[in-house]
1. At least 3 residues that are aliphatic (A, V, I, L, M) in each: list the strands (runs of 3 or more DSSP E) lying fully within the stretch B:1-104 that qualify.
2. For the stretch B:27-55, which positions are more than 24 Å from A:THR40 (Cα to Cα), open to solvent by 50 Å² or more (accessible area, probe 1.4 Å) and out of contact with any His (no Cβ under 7 Å at 6 or more places or on another chain)?
3. Of the conditions (1) among the hydroxyl-bearing types (Ser, Thr, Tyr); (2) closer than 27 Å to A:MET50 by Cβ; (3) more than 13 Å from every other protein chain (Cβ to nearest Cβ), B:TYR100 satisfies every one except a single condition; which number is it?
4. Looking only at strands (runs of 3 or more DSSP E) that fall completely inside the stretch A:55-112, which ones have 2 or more residues that are open to solvent by 10 Å² or more (accessible area, probe 1.4 Å)?
5. Pull up the stretch B:103-114, narrow it to residues that are among the aliphatic types (A, V, I, L, M) and more than 8 Å from every other protein chain (Cβ to nearest Cβ), then point me to the one that is farthest from the chain's Cα centre (by Cα).
6. Could you list, ordered by first residue, the pairs with Cβ atoms under 8 Å in which the first is in the stretch B:97-112 and touching a residue at least 12 places away in the same chain (Cβ under 8 Å) and the second is among the β-branched types (Val, Ile, Thr) and in a loop (DSSP other than H, G, I, E, B), at least 6 apart or interchain?
7. Within the stretch B:72-109, take every residue that is β-branched (Val, Ile, Thr), out of contact with any His (no Cβ under 8 Å at 6 or more places or on another chain) and more than 17 Å from A:ASN98 (Cα to Cα) and give me the one that is surrounded by the fewest Cβ atoms within 10 Å (Cβ to Cβ).
8. Restrict the check to the stretch A:55-75 and report whether at least one residue is in contact (Cβ under 8 Å) with a residue 12 or more places away in the chain, within 14 Å of chain B (Cβ to nearest Cβ), on the phi < 0 side of the Ramachandran plot and polar (S, T, N, Q).
Amino acid sequence: KNQVEQSPQSLIILEGKNCTLQCNYTVSPFSNLRWYKQDTGRGPVSLTIMTFSENTKSNGRYTATLDADTKQSSLHITASQLSDSASYICVVSPYNNNDMRFGAGTRLTVKP
Amino acid sequence: DAGITQSPRHKVTETGTPVTLRCHQTENHRYMYWYRQDPGHGLRLIHYSYGVKDTDKGEVSDGYSVSRSKTEDFLLTLESATSSQTSVYFCAISESSEGYTEAFFGQGTRLTVV
């Protein structure tokens, strides 16, 4: 069983709407949690990185939250744009970059 | 893409043939990684390098070997390609392995083994 589970698997929203993506993890111990955006045919690009002491991190219209007690994170996208259409990947590291555990991603489609 | 170039970008090869994928970086980062990405799975680590000639295995290393003779180049070799190695391969680089350090990914190589 994957130690990082993301939901939903896919999501379709209308341009301008907000959405929230979920990440639940069982990875232990915990060092940091990242959210990546992956456009079709491209490599993942980092959106946010949070350690256990941080419970929220923003990057423009993207806001990630972390509850280390319940081992849950969410990525909230505000006022979605067509360019937000991509896969969003949650990554949890127990120790360091050599041991990152990747979720399978949520495929977001933003329609006009 | 943070100065990372993967080559080739696409390759079709036959079962049993050797294949080498190349990752080249211009950032002088110490750590380099090879991942594979398959539908329904998260990226999985194949091998990584923490310096010239210093490498270690990842989660799915069977059937793969790597070499790093220069800081800027990290090669992934499939000694005898199998259909199960059909995948998209990503190279990543990182200045250090510390947990808060950014990891940057290349654009990927789509490999098809027929």
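1. Per the criteria, B:73-78, B:87-94.
2. Scanning the stretch B:27-55 gives B:GLU27, B:ASN28, B:ARG30, B:TYR50, B:VAL52, B:LYS53, B:ASP54.
3. In the conditions (1) among the hydroxyl-bearing types (Ser, Thr, Tyr); (2) closer than 27 Å to A:MET50 by Cβ; (3) more than 13 Å from every other protein chain (Cβ to nearest Cβ), B:TYR100 misses (3) alone.
4. A:56-59, A:62-67, A:72-77, A:106-111
5. Taking the candidates together, the pick is B:VAL114.
6. Partner pairs satisfying both residue conditions: B:LEU111/B:THR86; B:THR112/B:THR86.
7. The extreme case among them is B:THR82.
8. Within the stretch A:55-75 (the criterion being in contact (Cβ under 8 Å) with a residue 12 or more places away in the chain, within 14 Å of chain B (Cβ to nearest Cβ), on the phi < 0 side of the Ramachandran plot and polar (S, T, N, Q)), the answer is yes, since at least one residue qualifies.
The values are calculated or read from the model by the stated rules, or taken from the named source; none is laboratory data. Bear in mind that the values here come from a model prediction, so they are computed numbers and not experimental data. We place every Cβ from the backbone using ideal geometry, glycine too, and count neighbours over all the protein chains shown. Heavy atoms of the whole protein, side chains included, go into the accessibility calculation; ligands, DNA and RNA do not. Shrake-Rupley method; radii C 1.70, N 1.55, O 1.52, S 1.80 Å.
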